[in-house]
Amino acid sequence: MKSSALFDVAGRATIVTGGASGIGFACAEAMIDNGARVTLMDMNQGSLDEAVKTLSARGQVRGEVVDVTDRPALRKAFVNTAAHYGRLDVVFANAGISGGPGFLQLDGNRNPERMIESYTDEQVDKVVGVNFFSTFATIQAAVPHMKKSGGGRIIVTSSISSMMTEVHVAQTYVMSKAGLPQLVRQAALELVGYNILVNAMAPGPFITNIGGGRLKDPANQKLFEKFSPMHRMGKTEDIQGLALFLASPASAYITGQQITIDGGVTLGIAD
Ligand SMILES: NC(=O)c1ccc[n+]([C@@H]2O[C@H](COP(=O)([O-])OP(=O)(O)OC[C@H]3O[C@@H](n4cnc5c(N)ncnc54)[C@H](O)[C@@H]3O)[C@@H](O)[C@H]2O)c1
């Protein structure tokens, strides 16, 4: 089969949560540049407007302002979008937030504010609420529309934090991502009979606006580059091949999987 047919997503009605920035925006770009129709859902009105403006020069795009933790609003945004397209084919359940730094500071000393006993109930609920519960809520919102459409693809943005411990990453973030591979497996098993395939992408450190842009800070970048066998962090365009693969016929026999995309970080330190 020609690569143009293998990776054909033309016309696919697509939703990207957290699509106004970073990894979600890059997924939206990959879909739009290959002819899909894309709705970006994001809570940040300013960056959403900007993203829609940028992408509208390249294809069919619209935006819905929604906080994914507001479940009735999320369901309504999915109903609106499926009605707009008359179907729903692909969903990137991508919206997520950082939990801040981990229990070690960059100088190697312990960070008193990031000890297990220091986290507030609000901090715990917020990070787990956005990253874990809202991923499930997004899948829930998508499924009725995909069943009506005769199938679909759900692609969850997980993290290497779902698999490994990280001294520079918050406890809340690690635990919020830990359940995602198993959520994906269980959902995939239930939904395979409806022709809905569910998979996850597990990125390593990517340069985005997450955590107030802390991964754009040179001191942080130096640290993450040290742990990377490629000695570089991910650029948002690095996600696009995997995003397109999981949304397209090329991955038709893959479901319930989490694919790591980390430049080798989870392999260990190479030199
Ligand atoms: N950047 C990394 O190093 C990295 C690594 C692994 C996984 N991830 C995951 O990738 C996903 C995207 O993060 P990113 O790095 O592109 O960050 P980002 O901050 O650049 O983009 C995230 C987007 O999600 C939106 N968002 C946040 N909370 C929301 C909510 N409650 N409702 C709706 N929209 C919301 C933000 O407004 C923003 O536009 C997240 O799930 C994150 O955990 C990122």
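For every residue, the table says whether it meets (1) farther than 24 Å from residue 43 by Cβ; (2) aliphatic (A, V, I, L, M); (3) in a helix (DSSP H, G or I).
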| site | (1), (2), (3) |
| --- | --- |
| 181 | yes, no, yes |
| 185 | yes, no, yes |
| 188 | yes, yes, yes |
| 202 | no, yes, no |
| 214 | no, no, yes |
| 224 | yes, no, yes |
Show the residue pairs that are 6+ apart or on different chains and have beta-carbon atoms under 8 Å apart, the first residue being within region 226-243 and at pLDDT 95 or above, the second being among the polar types (S, T, N, Q). 233/221; 236/208
Working only within region 1-58, note down all residues that are under 19 Å from residue 200 (Cα atoms), assigned to a loop (DSSP other than H, G, I, E, B) and within 9 Å of the ligand (Cβ to nearest atom). 18, 19, 21
Criterion violated by residue 245 - all others in (1) closer than 22 Å to residue 268 by Cβ; (2) in contact with a Ser or Thr (Cβ under 8 Å, 6 or more places away or on another chain); (3) aromatic (Phe, Trp, Tyr) satisfied: (1)
Of 65, 61, which residue is within 16 Å of the ligand (Cβ to nearest atom), surrounded by fewer than 17 Cβ atoms within 10 Å (Cβ to Cβ), among the aliphatic types (A, V, I, L, M) and without any contact (Cβ under 8 Å) to a residue 40 or more places away in the chain? 65
Residue 141 vs. criteria at pLDDT below 95 and part of a helix (DSSP H, G or I): no
Of the residues in region 11-58, those that are closer than 17 Å to residue 246 by Cα and acidic (Asp, Glu) number 2
Restricting to region 22-48, give me the number of residues that are small (Gly, Ala, Ser) and surrounded by fewer than 20 Cβ atoms within 10 Å (Cβ to Cβ). 3
Single unsatisfied condition, residue 271 versus (1) within 10 Å of the ligand (Cβ to nearest atom); (2) loosely packed, with under 14 Cβ neighbours inside 10 Å: (1)
Residue selected from region 120-148 under the condition among the hydroxyl-bearing types (Ser, Thr, Tyr) and either in contact with a Phe, Trp or Tyr (Cβ under 9 Å, 6 or more places away or on another chain) or surrounded by 18 or more Cβ atoms within 10 Å (Cβ to Cβ) (or both), by the criterion farthest from residue 91 (Cα to Cα): 134
Can you find, within region 160-187, the residue that is farthest from the ligand (Cβ to nearest atom) among those that are over 13 Å from residue 127 (Cα atoms) and without any contact (Cβ under 8 Å) to a residue 24 or more places away in the chain? 186
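The values are calculated or read from the model by the stated rules, or taken from the named source; none is laboratory data. Just so it is clear, the model here is predicted, and its values are computed rather than measured. Using ideal geometry, Cβ is built from the backbone for each residue, glycine included, and neighbour counts are taken over all protein chains shown.
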